[in-house]
Amino acid sequence: MTKPHPNSNSPLKTKTELRNDFHETVTKQKIMNVLKEADINEDGHFNEEELKHALKNLGAFFPAWRAKRAFQKFDANNDGQISDVPDRKDFHESVMMQKIMISLKEADTNKDGRYNKDELKHAVKDLGAFFPAWRVRRAFNKVDVNHDGQISGREIDSLLEYLCSHGYGK
């Protein structure tokens, strides 16, 4: 028999609280603590519901959807259980990508889904770049393949990989 989740009666966080929580540094220890709390039956494995609670407590947007996606990717033997999630490189990278995507979305001032140099500079600065203008020039040289002065379409995937590979979103 499973015990009730300790955070089940807690009020939902506001959008601003979630954004602030997500922008703080997510350390491996914090992830381990949240996952340990979410392991309701204390078996060291996570079912989809437990992972959903953990993602919600980490401040992820759409935790049910993300838990389902995680199971599609990490539950290789389809037994309905995931173990050793914090040690997976892909899990850490997905957290980094989420932080990068949030910063990019917030920086997209005209909400057109494309990023000009000013918007990207704002996002990179938000992610902690010391020299954001220089980083933006480097990023545009690498990922703006059609040289239209905007990063859009498939270039956004390249931008996410570029920023993640340079340590942004940690």
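Nothing in this text is a laboratory measurement; each read-out follows from the coordinates by a stated rule. From a predicted model like this one, the values you see are computed outputs, not experimental measurements. Quick reminder, even Gly has a Cβ in these numbers, built from the backbone with ideal geometry, and neighbours come from all protein chains shown.
The Kirkwood hydrodynamic radius of region 95-165, based on inverse pair distances between different Cα atoms, is 11.8 Å. Taking a 32 Å limit on the Cα-Cα distance, which of the listed pairs Lys73/Lys105; Lys52/Lys142; Lys56/Lys125 fall beyond it? Going by Cα-Cα distance, Lys52/Lys142 fall outside the 32 Å limit. For region 95-165, a simple Cβ point-charge model (Lys and Arg +1, Asp and Glu -1, everything else neutral) yields a dipole of about 240 debye relative to the Cα centre. Tally Lys/Arg at +1 and Asp/Glu at -1 over every other residue whose Cβ is under 10 Å from the Cβ of Lys117; what's the total? Here the count lands on -1. For region 136-148, the Karplus equation 6.51 cos²θ - 1.76 cosθ + 1.60, evaluated at θ = phi - 60°, returns couplings of 5, 4, 4, 5, 5, 4, 7, 10, 7, 5, 8, 6, 8 Hz by residue, with Gly and Pro reported as x.
Which net charge results for the neighbourhood of Arg66, defined as the other residues with beta-carbon distances under 10 angstrom from its beta-carbon, given Lys and Arg at +1 and Asp and Glu at -1? Net charge around Arg66: +4. Per-residue 3J(HN,Hα) values for region 107-114, derived from phi via the Karplus relation 6.51 cos²θ - 1.76 cosθ + 1.60 with θ = phi - 60°, read 7, 6, 5, 8, 6, 9, x, 10 Hz in sequence order (x marks Gly and Pro). Charged neighbours of Lys142, selected by a Cβ distance under 12 Å, balance to 0 (K, R count +1; D, E count -1).
Between the beta carbons of Val145 and Asn77, assuming R0 = 30 Å, the FRET efficiency works out to 0.15 to the nearest 0.05.
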